[in-house]
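The values are calculated or read from the model by the stated rules, or taken from the named source; none is laboratory data. Fair warning: this is a prediction, and the values are worked out from it, not measured in the lab. A quick note on method: Cβ atoms are made from the backbone with ideal geometry, for glycine too, and the neighbour counts reach across all protein chains shown. These area figures cover heavy atoms from the full protein model, side chains too; ligands, DNA and RNA do not enter into them. Shrake-Rupley method; radii C 1.70, N 1.55, O 1.52, S 1.80 Å.
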Amino acid sequence: MGFDLYGLDPMVNPDGPPKPDKVQFGEDGFHEYAELQHEFEQANTGVYFRNNVWYWRPLWEYVCFHTPCCTVLTEEDMENGFQNAGHEISEEKSIMMGRFLIDLVNDGSVASYELTRQMELDAQPDETCPICEGSGQRNDKWVQGDCNGCHGKGTRRPFNTNYPFSIENVREFAEFCLMSGGFSIC
């Protein structure tokens with residue numbers, strides 16, 4: 001599962017590659033169309049931004065609860081940002097978010113948050129594997145032998161350690177916000 005953000009009125013580089021017309025390629029030209037669409041999106045930062053669920057949730061949580069963006073977003077915006085149901089963020093809010101985030105990247109706040117968050121995650125103790133209940137072994141219709149959830153150890157890292165956070169992801173999102181003309185979260 002992923003979160004696809006589409007600019008509502010993105011700024012388009014007039015000197016960049018043109019937006020491809022899906023109809024002109026037909027069914028046989030899907031791969032060529034997809035390549036040209038990717039080039040168009042890369043040249044026009046505000047057209048499209050994507051994160052898988054693992055990257056999106058910590059990014060949106062940071063935006064909503066650890067930045068001045070919480071003064072811009074409504075409770076509905078914050079809540080619906082955790083869903084990929086088409087919620088729209090206005091151009092005004094998007095620009096303000098982008099500016100806040102760029103400032104936080106530039107002043108070192110994002111780097112500090114990333115380091116503190118990672119230290120907190122690293123400090124969490126391993127937990128008993130819920131699949132094998134700590135035995136390290138499975139003997140069911142799916143797996144015989146070492147548990148595939150903990151690789152036979154009986155413990156594993158807490159689930160929330162699977163959600164990464166990075167400065168680069170914040171920077172890319174901020175740039176998208178500034179260029180998108182508002183966006184929908186699908």
Query raised in the report: Taking segment 110-153 as the region of interest, how many residues are farther than 30 Å from residue 100 by Cα and either basic (Lys, Arg) or over 25 Å from the mean Cα position of the chain (by Cα) (or both)?
Result: 28
Query - residue 157 being under 24 Å from the mean Cα position of the chain (by Cα) and either surrounded by 15 or more Cβ atoms within 10 Å (Cβ to Cβ) or not β-branched (Val, Ile, Thr) (or both) - result: yes
Query raised in the report: of a type outside the set (Val, Ile, Thr), surrounded by 17 or more Cβ atoms within 10 Å (Cβ to Cβ) and either touching a strand residue (DSSP E or B) at 6+ places or on another chain (Cβ under 8 Å) or under 23 Å from residue 164 (Cβ atoms) (or both) - does that describe any residue in segment 26-43?
Result: yes
Query raised in the report: Which condition does residue 2 not pass, out of (1) out of contact with any Asp or Glu (no Cβ under 7 Å at 6 or more places or on another chain); (2) more than 22 Å from residue 166 (Cβ to Cβ); (3) modelled with pLDDT under 95, if it passes all the others?
Result: (2)
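Matching residues to (1) of a type outside the set (A, V, I, L, M, F, W, C); (2) at pLDDT below 95; (3) open to solvent by 30 Å² or more (accessible area, probe 1.4 Å); (4) at negative phi:
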| residue | (1), (2), (3), (4) |
| --- | --- |
| 69 | no, yes, no, yes |
| 84 | yes, yes, yes, yes |
| 92 | yes, no, yes, yes |
| 119 | no, no, yes, yes |
| 144 | yes, yes, yes, yes |
| 153 | yes, no, yes, yes |
| 161 | yes, no, yes, yes |
| 169 | yes, no, no, yes |
| 174 | no, no, no, yes |
Report task. Looking at (1) open to solvent by 70 Å² or more (accessible area, probe 1.4 Å); (2) within 18 Å of the chain's Cα centre (by Cα); (3) not hydroxyl-bearing (Ser, Thr, Tyr), find the lone condition where residue 186 falls short. Result -> (1)
